[in-house]
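Let me begin by presenting the structure, written as C-alpha cells, before commenting on it.
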C-alpha cells in the first residue's frame, strides 16, 4: 500500500486500488480502542439517470435511498444491522445526493465486523414482499419530512435555484415515485453502482492497513466493471429560476434560507482548493464572530440557529445560508449588503487570519472524529482529491483569495430566498 506521512498534522494515510477497481484508504490511530469502517458507493439520490455501455437508463426518484433501506436484508432471512449489533458494533447507513455509506464502529472483533459489512453490502437480496413492506415505511418517512419546516425551507430553495437538476427533489423521492420501485429496479441499480469499481472502503483506527486490503480482496469480486455515466440534465445557468417563495407551517418563529449557484463543480485538487476557499470566505463573511453576524444578532434579526455553507453535488456548487429571523427579508438583505461591502473593500486581514487559524484548528480537532474522517476520505476520493492534503492547501489561501471569491460569487441578483412563516392564528 502507498504510504503518505502528514508530519504537520501527525497523521499517516495508507491507500491502494484493488484489481477490481476498489480504492482502499486506511488512517491508523495507534493506541485507540475504537475502530471505524465505511463501505461507500458513489451513488446517491441525484443519480437517477445514467448511461452504461451506451444504453441510457432512467430510474424513479428515491432508488438510492430505497436500496440503503433494503441492503441490510440477508438471504437467510436475517438482518445485517442486528448481526453487527450482536457482535458489539455500532452500525448504520445514510444516503445523500451523491453517495450511500454503510458503516460501523467497534472496539473488538474488527476483522469479523469488516467481513460482515463487505458481504451484506455486496450481496443484494430483495423479495416482492419485503420491497412492498418497505414502501410503506419509506412513505411514512417522506411524509414526515414534508411536515419538517427545516426540510421544507431547504427544498423550496432548491426549486427556486435549479430548473432541471435532480437537486430539486428529495433524496428519498416522493410517495408517488417510490411506487415505481420494484425488486428488479433495485437489483439493476445495485449491479451498476454497488460494484467495487464505483465504491470506496475507508478505515480509521488501530488496525493493520494490509489486513484491511487483504480482507477486501478476499470478500469482493476480483473483476473490474465499467463506470456509469451520470446525467443530471441540461446545464444550469447562474441565475435562479425564481427569486422568492413563501409558505406557512407550524413554526414558532419565521424561517428563511437564501442561496445562490456557484456554477459547475470542479473535481481534483483545483476543486479541493475551491471548496476550502469557499469555506474560509463564508466563515469570514457570515461566521459567528463576523461583523455581519454580530450586527444582525445584536439587532435581533439572527439568532443561534443561523448557519451557512458551500455545498457541492450533482455537478453543481451552491451556497445556502439562513435560520430563524423575525424579519427574513431584512435579514437576507443585510447579509447580502455585507457581501457587497466585502466585494468593494475586501476582508479585514486581521479578521481573515483569525478565522483561518480557527478553521485550521477545528479541522485538526475533526481528525479525532473517526466517522467524519472516514466519510471525508470517501467524499474526497469520489471528487478526485485527498482530504488530508487540505491542511497544506488551507495554509496557502490568502485574504485576497477569500475576498475575490466573495466578489465573484455572492451576488444579490443571483440570490433566491425561501421563507416559512408561522400559520395565521384563527380569525387573523
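The values are calculated or read from the model by the stated rules, or taken from the named source; none is laboratory data. Everything quoted here is computed from the prediction, not taken from an experiment. For neighbour counting, all protein chains shown are included, and Cβ atoms are generated from backbone atoms with ideal geometry for every residue, glycine included.
Among the criteria (1) touching a residue at least 12 places away in the same chain (Cβ under 8 Å); (2) surrounded by fewer than 21 Cβ atoms within 10 Å (Cβ to Cβ); (3) over 21 Å from residue 129 (Cβ atoms), the one residue 182 does not fulfil is (3). Residue 381 meets all of the listed conditions (1) in a helix (DSSP H, G or I); (2) closer than 20 Å to residue 308 by Cα but one, namely (2).
Per-residue answers, yes or no, for (1) more than 30 Å from residue 144 (Cα to Cα); (2) assigned by TED's automatic domain parsing to the domain that holds residue 23; (3) in contact with a strand residue (DSSP E or B) (Cβ under 8 Å, 6 or more places away or on another chain):
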residue	(1), (2), (3)
207	yes, yes, yes
222	yes, yes, no
256	no, no, yes
278	yes, no, yes
283	yes, no, no
288	yes, no, no
295	yes, no, no
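Just one of the listed residues (69, 65) is in the same structural domain as residue 196 (by TED's automatic domain parsing), more than 23 Å from residue 223 (Cα to Cα), modelled with pLDDT under 95 and within 21 Å of the chain's Cα centre (by Cα), and it is 69.
Okay, residues lined up against (1) within 22 Å of the chain's Cα centre (by Cα); (2) outside the structural domain of residue 157 (by TED's automatic domain parsing); (3) surrounded by 14 or more Cβ atoms within 10 Å (Cβ to Cβ):
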{"residue": "346", "(1), (2), (3)": "no, yes, yes"}
{"residue": "352", "(1), (2), (3)": "no, yes, yes"}
{"residue": "362", "(1), (2), (3)": "yes, yes, no"}
{"residue": "365", "(1), (2), (3)": "yes, yes, no"}
{"residue": "370", "(1), (2), (3)": "yes, yes, yes"}
{"residue": "401", "(1), (2), (3)": "no, yes, yes"}
{"residue": "414", "(1), (2), (3)": "no, yes, yes"}
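When residues in the range 1-47 are screened for being assigned to a loop (DSSP other than H, G, I, E, B) and in contact (Cβ under 8 Å) with a residue 12 or more places away in the chain, 20 of them pass. Can we say residue 294 is in contact with a helix residue (DSSP H, G or I) (Cβ under 8 Å, 6 or more places away or on another chain) and either at pLDDT 95 or above or not in a helix (DSSP H, G or I) (or both)? Here the answer is no, as residue 294 does not meet what is asked.
Answer with yes or no whether residue 424 is surrounded by fewer than 20 Cβ atoms within 10 Å (Cβ to Cβ), assigned to a helix (DSSP H, G or I) and more than 23 Å from the chain's Cα centre (by Cα). In short, no. Can you say whether residue 311 is closer than 19 Å to residue 406 by Cβ, part of a loop (DSSP other than H, G, I, E, B) and touching a strand residue (DSSP E or B) at 6+ places or on another chain (Cβ under 9 Å), as far as the supplied structure shows? Answer is no for this residue.
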